[in-house]
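Shown next, in structure tokens, is the structure this report addresses.
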């Protein structure tokens, strides 16, 4: 299932004005599903209308912010519990598992920086 489909199922009609949200071009219709002025989409080029240098610089700046989050999600998904289809019935257990895995990723990152 595509990330945007999952996003619409969970976060549709929520107010995102308190957050700065950086998404990729896979989320083109996000502004129709949520409210907020701080949703940042990269500029899209077409065959007949290439990006300007300013638009390319904006896309690069947004990508630098997004890549940190994407890498963190990838590290969390390295745990087996998130690699397979999850069968946990209770949302609280899934939240606890995610929190434990995120804590382990943070712990590993901090321990590598200290040494």
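The values are calculated or read from the model by the stated rules, or taken from the named source; none is laboratory data. Everything numeric in this text was worked out from a predicted model, so none of it was measured. Quick reminder, even Gly has a Cβ in these numbers, built from the backbone with ideal geometry, and neighbours come from all protein chains shown.
Quick grid of which residues meet (1) touching a strand residue (DSSP E or B) at 6+ places or on another chain (Cβ under 8 Å); (2) touching a residue at least 40 places away in the same chain (Cβ under 8 Å); (3) surrounded by fewer than 10 Cβ atoms within 10 Å (Cβ to Cβ); (4) part of a helix (DSSP H, G or I):
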position	(1), (2), (3), (4)
31	yes, no, no, yes
51	no, no, no, no
56	no, no, no, yes
60	no, no, no, yes
69	yes, yes, no, yes
73	no, no, no, yes
92	no, no, yes, yes
95	no, no, no, yes
112	no, no, yes, yes
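The number of residues in segment 33-42 being over 19 Å from residue 3 (Cα atoms) and either surrounded by 15 or more Cβ atoms within 10 Å (Cβ to Cβ) or more than 17 Å from the chain's Cα centre (by Cα) (or both) comes to 2.
Count of segment 1-18 residues, restricted to those that are surrounded by 11 or more Cβ atoms within 10 Å (Cβ to Cβ), within 15 Å of the chain's Cα centre (by Cα) and in a loop (DSSP other than H, G, I, E, B), is 1.
Hey, among the residues in segment 75-90 that are part of a helix (DSSP H, G or I) and surrounded by fewer than 11 Cβ atoms within 10 Å (Cβ to Cβ), which one's modelled with the highest pLDDT?
80
Scanning segment 40-60 for residues that are touching a helix residue (DSSP H, G or I) at 6+ places or on another chain (Cβ under 8 Å) and modelled with pLDDT of 95 or more yields no hits at all.
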